[in-house]
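Shown next, in structure tokens, is the structure this report addresses.
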Amino acid sequence: MNEKRLITGDPADVLTDEAQIDAMIARESICNNENLIYERPETLTDAIFHYCPGCGHGVTHRLIAEVINELDIQSETIGIAPVGCAVFAYHYFNIDMTEAAHGRATAVATGIKRLLPDKYVFSYQGDGDLAAIGTGETIHTCNRGENILIVFVNNGIYGMTGGQMAPTTLIGMKSTTSPYGRDAATMGYPLRITEMIATLPATYYVTRQAVNTPANVRKAKKAFQKAFEYQKQKKGTCFIEIVSNCPSNWKMTPLQSNKWLEENMLTFYKLGDIKAPGKESAE
Amino acid sequence: MSEMKLMKGNEAMAEAAIRCGCDAYFGYPITPQSEVLEYLALYGEKRTGMVVLQAESEVAVINMVYGGACTGKRVMTSSSSPGVSLMQEGISYIATAELPCLLVNVNRGGPGLGTIQPAQGDYFQAVKGGGHGDYKLIVLAPSTVQEMVDHVKLGFELAFKWKNPIMILSDGSLGQMMEKVELYDEIPRKTEVESWALTGKPKTRERNVITSLFIDPKEMEEVNIRLQKKYREIEKEEIRYASYNCEDADYVLVAFGLVARICKKAAQLAAEKGIKIGVFRPITLYPFPYQALSDLSEKVKGMLVIEMNAGQMVEDVRLAVNGKVKVEFHGRMGGMVPSPEEILENIEEKLLGGKA
């Protein structure tokens, strides 16, 4: 009999089905260096992400880390974590980082960047942090044209506190604090803060991306590459919104949430550059 | 060379910041301290290249201070009572993350929007922790324009010695009045890099993380224990106070800041009437000179605490004295300043039981 065992060597793991064996070998073979097509960049620690399965934060973290690594600017980059799901971002990025009070990441980023103007500085914030409690800091940081990158992950809900309504929650969308769906009459409208930011003369590159498909992941990565490059050239504020999902609080499977994102979020929060060099400004 | 000048308190403090090699000042206009931001906007960047930034709010200011302090440089702000209230969340974060910085409160009358006149109603906020959780600021209380200048230098030294936010608790009168000051020589801006600062992680060291978040209660308690240990050491090493004619006094006036100067005048008026009054002035409000006041209470018949508030420091004086002698209180509020004559009347009424 063609007997093969799993790496654990546990006799109970003995497999006899040929198809299963082939699949297992295929899985094991990616552990061999010559078969590696992806590895953890040095700019990520080996801590396991606490993010829920299917959440876009993990991919977004990885993209930023990859870009920092590829540009070889680990020693020149400082990040600011928000209050929200990404509050522990500093566990994952292997770079100098701090953690800001709720909504104040861009003010903290301003303080760091003004004192260390030659370093790369980025803030990483969610919709509640950046577009509700921190709206003032967001707008004024962009209006001063602070030469930083603001990463804005928008999933239309407060994730960490358990699914409350966010400034970006869509009309009719249910949350624990809009249990009958967001009603514009009493709760106002979903805020397209990225479009607002693009009207400010001191912003340089304002774009909306997503990480729900491989193609979108590749486009988002290009946006991060550009933003760090523009920061190097001291062009002013770069602002990247990542429209993301929240399977746990949307109460969907990851696949369902990506479909829902495609059909609902992306029809309201349209992807693409809102303000970019060479593109006519949103003004 | 040091230099003598006639200067307004707020401007003298701004000049002191430049001469201390302050790397960044973040501010927001509020009466009666806007001259600090104005003076630095005029001269700061021009003379030393320091960062001077007018933010959109005091909330933004304190978080810029947090960010600036993360880089290990000399960072400061100043404001007045309502503005300092807005900063309290950020101050709690800064104290927990153990970041050095200098904060100034040019105290005005309150509560609420209050008045722009001088007051001392922010004693509790400054000394007992106006923000959430168990943290302490080292609080310096200048009583002259000269001390406002000196405390800027001392404040930066203490901030880096203890990795702790320092607050200068001044008031609207000290900020606005002009006095002769001796200005010290300019100290160059900081070039040395702090090992804990965020500067970008080189290959040669682990990444630096500055946070006030410790989600595991065991770890959070350890942070608290470490902070409390630091505060006990500060209480041993950093107590400062001044006393005037306390050696052979029958009674003592206790006051901080500007009020202590008015008390001196009241003590002189009392001396003319043959009443022996000393004046005790805490210079550090935290750490508070409990022992010195306790010792003093063994030698006098009573104490009268004078403040421009409804009675705040008097609680600490009573804790220090612990019932050994009577501790009376007289306060003015809402921006009113007590006069020497008024204090003398209170000495006669509250300590001597009637006119001498």
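The values are calculated or read from the model by the stated rules, or taken from the named source; none is laboratory data. Keep in mind that what you see is a predicted model, and the values were worked out from it rather than measured. When we count neighbours, we look across all protein chains shown, and the Cβ atoms used for this are built from the backbone with ideal geometry, even at glycine. Accessible surface areas use protein heavy atoms only, side chains included; no ligands, DNA or RNA. Shrake-Rupley method; radii C 1.70, N 1.55, O 1.52, S 1.80 Å.
List of remarks:
- Selection from region B:209-240 of residues that are closer than 24 Å to B:Ala197 by Cα, open to solvent by 60 Å² or more (accessible area, probe 1.4 Å) and in a helix (DSSP H, G or I): B:Glu219, B:Glu221, B:Glu222, B:Ile225, B:Arg226, B:Lys229, B:Glu233
- Annotation for region B:26-36: at least one member residue is surrounded by 21 or more Cβ atoms within 10 Å (Cβ to Cβ), farther than 18 Å from B:Val152 by Cα, among the aromatic types (Phe, Trp, Tyr) and in the same structural domain as B:Gly9 (by TED's automatic domain parsing).
- Residue in region B:176-185 that is open to solvent by 100 Å² or more (accessible area, probe 1.4 Å) and either free of Cβ contacts under 8 Å to residues at least 60 places away in the same chain or not assigned by TED's automatic domain parsing to the domain that holds B:Ala260 (or both) present: yes
- Counted residues, region B:179-193 - those being of a type in the set (Ser, Thr, Tyr) and assigned to a strand (DSSP E or B): 0
- Among (1) at negative phi; (2) open to solvent by 60 Å² or more (accessible area, probe 1.4 Å); (3) not aromatic (Phe, Trp, Tyr) - the single one B:Asp122 does not satisfy: (2)
- Subset of region B:246-264 (residues that are open to solvent by 10 Å² or more (accessible area, probe 1.4 Å) and within 19 Å of B:Asp171 (Cα to Cα)): B:Leu258, B:Arg261, B:Ile262, B:Lys264
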